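Remarks on the structure that follows.
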Amino acid sequence: MKDLGGFGGNYTFGTALNNAGQVTGSSSAATGTHAFLYSHGQMQDLGTLGSDLSSGFAINNAGQVTGYAETPTLAGHAFLYSNGQMQDLGTLGGSGSVGYGINNRGQVTGYAAMSTFGEHAFLYSNGQMRDLGTLGGIFSSGHGINDREQVVGYSSIDIISPTHYAFLYSNGKMHNLNDLIDPALHITLNEATAINDRGQIVANGLVGFTWHAYLLTPHRHRKHEPCSGEPCEDSESDADEPTGDLQ
């Protein structure tokens, strides 16, 4: 066990870890709280976007970090830290954004404020922030992204109800995960937090009044069956269907 240290303040919180053992999170300092990258025994201050607050929420295997940092106007913006620089990812026209997930291609997901009322999940790729939309409401947020550019998170379904539901964004479309599971299970999936490159998803949901965590796995196509959605990666083996039924 190793204490990662800090920037001289009274707390340090680690939030994410990559396969190389690099860690990100936040640590208090004399001038505020800053995101950090811990690598090779050293804690590096990632700075801010012009104010006194930042926090790292996710890190990929290349050591790129995403999270949240305040600008000089105290608006919080999603950032991508890469090659020694913290980049402001902007918004969808509103005042704020947060980065919650990053894949090994450096693509980021989270949520961003709209120019009108509401906040939408986004996918940041190649210098552009793409609005992923919602399931019908005014709010959505991306929390996990894999290297196949699939995003999971949660979304409201109308402008009145505060209830939100887990989604999978794949092939340019947002799917309600509850439509992809057997209704006989009587489970409501309210949020999805992570997705791996096999398309497996971690989601949380209610059974009655009790919260449960679930691992969802896509059905697989046999080699004699046609694939829909993304093409089969290997015609001699099973391939995950990214938008098919989940079990």
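The values are calculated or read from the model by the stated rules, or taken from the named source; none is laboratory data. Just so it is clear, the model here is predicted, and its values are computed rather than measured. Positions of Cβ are backbone-derived with ideal geometry, glycine not excepted, and every protein chain shown enters the neighbour counts.
Miscellaneous remarks
- Looking across the range 76-88, the residues that are buried (at least 16 other Cβ atoms within 10 Å of the Cβ), of a type outside the set (F, W, Y) and farther than 20 Å from M174 by Cβ come down to G76, H77, L80, S82, M86, Q87.
- Within the range 173-194, residues that are within 14 Å of S140 (Cβ to Cβ) have Cβ atoms under 8 Å from residues that are among the basic types (K, R) in no pair, counting only partners at least 6 apart in sequence or on another chain.
- Selection from the range 6-31 of residues that are at pLDDT 95 or above, among the small types (G, A, S) and either at positive phi or in contact with a Phe, Trp or Tyr (Cβ under 9 Å, 6 or more places away or on another chain) (or both): G6, G14, A16, G21, G25, S26, S27, S28
- Single condition N178 does not satisfy, out of (1) part of a strand (DSSP E or B); (2) touching a Phe, Trp or Tyr at 6+ places or on another chain (Cβ under 9 Å): (1)
- The residues listed here are G93, G106; of these, the one that is part of a loop (DSSP other than H, G, I, E, B), on the phi > 0 side of the Ramachandran plot and at pLDDT 95 or above is G106.
- Candidate set from the range 89-121 (those that are under 14 Å from T66 (Cβ atoms) and aromatic (F, W, Y)); member that is surrounded by the fewest Cβ atoms within 10 Å (Cβ to Cβ): Y100
- Enumeration of residues in the range 19-50 that are among the β-branched types (V, I, T) and assigned to a loop (DSSP other than H, G, I, E, B): T31, T48
- Where strands (runs of 3 or more DSSP E) fall entirely within the range 112-153, those with at least 2 residues that are among the charged types (D, E, K, R) and out of contact with any Cys (no Cβ under 9 Å at 6 or more places or on another chain) are at 128-131.
- Here L189 meets each of (1) surrounded by 23 or more Cβ atoms within 10 Å (Cβ to Cβ); (2) within 26 Å of G96 (Cβ to Cβ) with one exception, condition (2).
- From the list G14, G50, G8, the one residue that fits, being free of Cβ contacts under 8 Å to residues at least 60 places away in the same chain and farther than 22 Å from V108 by Cβ, is G8.
- In summary, T24 fulfils each of the numbered conditions (1) under 20 Å from the mean Cα position of the chain (by Cα); (2) surrounded by fewer than 20 Cβ atoms within 10 Å (Cβ to Cβ); (3) within 20 Å of Q85 (Cβ to Cβ) with the single exception of condition (2).
- Lone qualifier among A16, A69 - being more than 25 Å from S95 (Cβ to Cβ), part of a strand (DSSP E or B) and aliphatic (A, V, I, L, M): A16
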